[in-house]
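The structure appears below as structure tokens.
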Amino acid sequence: MLRFVGGVTGLALQILPSGGRSWILRVKIGEKRRDIGLGGYPDVSLAEARDKAREIRSLIEQGIDPIQHRKRQRSALVAEQKRGLTFAVAVERFMKRKAPELSNDKHKEQWFSTLRNYAVPELGDMLVDDITTQDVLLVLKPIWEEKTETASRLRSRIEMVLSWAQANGHRTGDNPAKWGGNLKELLPSPAKIKKVTHRPAVAVADVQAWFASLRKRRDLTARALELLILCCCRSIEVRLSVWEEFDFDRRIWTVPAQRMKTRVEHRIPLTNYAVSLLKAVPHHANSPYVFAAPQGRALHDDDLSGLMRSMHASELKRGTDGWLDPRSGLPAVPHGLRSTFRDWAAENNYPREISEMALAHKTGSDVERAYQRSDLLERRRQQLVSWNEFLHAHPSSSVVEFRRRT
């Protein structure tokens, strides 16, 4: 039952059989009669109902459908609520999407720890739609000159998080973390202030003696490190290698794209030395890994690093200076062995592109790479044969019996 109350044409109190009461405005919109609800009584008073009714009639007089108008307002509110995402939540959601693209747990932790440690404390509680260039600067400025490489990566990662947020409807406008035409004008160029630090490497003059010392060690980790320097690999390429990757007939080791830094499959020519080493490694019954620890797990990165620290310490006990990088004076690390190879290649006049391919580095422009389809495998094989022969040339570099680590 409707009881019209006056004050505004069409305003009525609807009384339901259950006793409930609500305000209704009966109006004509175009050619249709509509009953528009204004809320329940007594939560909405008569005065409030009349005010709402007047607003609706005003919209109709302006040619606006009040029902569609209300729907648009509701949609705008929902959209605004969806955009109401904090930076901290955006980071966590972006991490779930980004994580599968990263090669290993260590890389994932490094990637996300920069956001958690530097950006979230400053921006975490802010809505992504409210973040401005000045807010991003508050994060970057304190570490831009002191930790330039970290800060540069952090800026890129903030930009990616905000780009993801915009693509998902949580923010609008320009990305406040973009470099060109934005932060580039406010911060010094990383190239001008970045202190280039290279991983400490064994000197070319010392590497034969270092290699001879390595070969005297009979444990599994030593063999993994030996393959690393013979093939000029990264640690992850060796540690996670499985037997199926090695074609001993063709003497090729194919490292899958997901384990390569460039995300491109990499073929490594195997020398006689590398083949002999691999064939001497016992197969682990409960593990697919070539260099499987006793429990069947893959070696950790620190297993190889720890071995090099041990080798350095042994030299110090013998009264020598140990295995030091000739430039920095720091003890050499596994990744630095790739620099040792690169220095040797340069000293022996090997073409740059051959050496860079051996290290699985990208060479040339995108256009040049598009036309350079060959990976120059056989030319790289010749280079690795020479490199391996150079490493074995030390008088004390004799073959030792392999003994599995227990």
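Bear in mind that the values in this text are calculations on the coordinates, not laboratory data. Keep in mind it's a predicted model, so treat the numbers as computed, not measured. Ideal geometry is used to build each Cβ from the backbone, glycine not excepted, and the neighbour counts take in all protein chains shown.
Just checking the listed ones, GLU265, GLU61, GLU315: in the Gaussian network model of the chain with Cα springs under 10 Å, the one fluctuating most is GLU61.
Among LEU240, LEU225, which comes first, second and so on when ranked by fewest other beta-carbon atoms within 10 Å?
LEU240, LEU225
Cross-link check: pairs LYS108/LYS261; LYS147/LYS317; LYS106/LYS184; LYS106/LYS216; LYS108/LYS362 evaluated at a Cα-Cα cut-off of 24 Å; pairs beyond the cut-off: LYS147/LYS317; LYS106/LYS184; LYS106/LYS216. Could you name the lysines whose alpha carbon sits less than 26 Å from that of LYS28, not counting residues in the same chain fewer than 8 places away? Of all the lysines, those that pass the test against LYS28 - Cα under 26 Å, at least 8 places apart if same chain - are LYS52, LYS71. Helix 336-347 axis versus longest C-alpha principal axis of the chain: approximately 60°, rounded to the nearest ten. When the Cα gyration tensor is reduced to axis lengths a ≥ b ≥ c, the ratio a/c is 1.5 or higher for region 204-391, and with a/b not above b/c it is classed as oblate.
Against the longest principal axis of the chain, how steep is helix 377-391, in degrees 0 to 90 to the nearest 10, with axes from Cα atoms? Between helix and principal axis, roughly 50 degrees. Rounded to the nearest 20, the Cβ-based charge dipole of the chain about its Cα centre (Lys and Arg +1, Asp and Glu -1) stands at 980 debye. Electrostatic tally near ARG251: other residues with Cβ closer than 14 Å to its Cβ, Lys and Arg +1, Asp and Glu -1, net +1. Of the residues ALA167, ALA119, ALA88, which exhibits the maximal mean-square fluctuation in a Gaussian network model of the chain defined by a 10 Å Cα contact cut-off? Answer for the Gaussian network model of the chain: ALA167.
Between the helical axis of 87-98 and the longest alpha-carbon principal axis of the chain there is an angle of about 50 degrees. Sorting LEU162, LEU138 by the number of Cβ atoms found within 10 Å of their own Cβ, with the fewest placed first, yields LEU138, LEU162.
Within straight-line reach of LYS96, meaning a Cα separation under 20 Å, sit the following aspartates and glutamates at least 8 residues removed in sequence or on another chain: ASP105, GLU109, ASP125, GLU159.
The dipole here belongs to region 265-323: it is taken about the Cα centre, uses +1 on the Cβ of Lys and Arg and -1 on the Cβ of Asp and Glu, and is about 200 debye.
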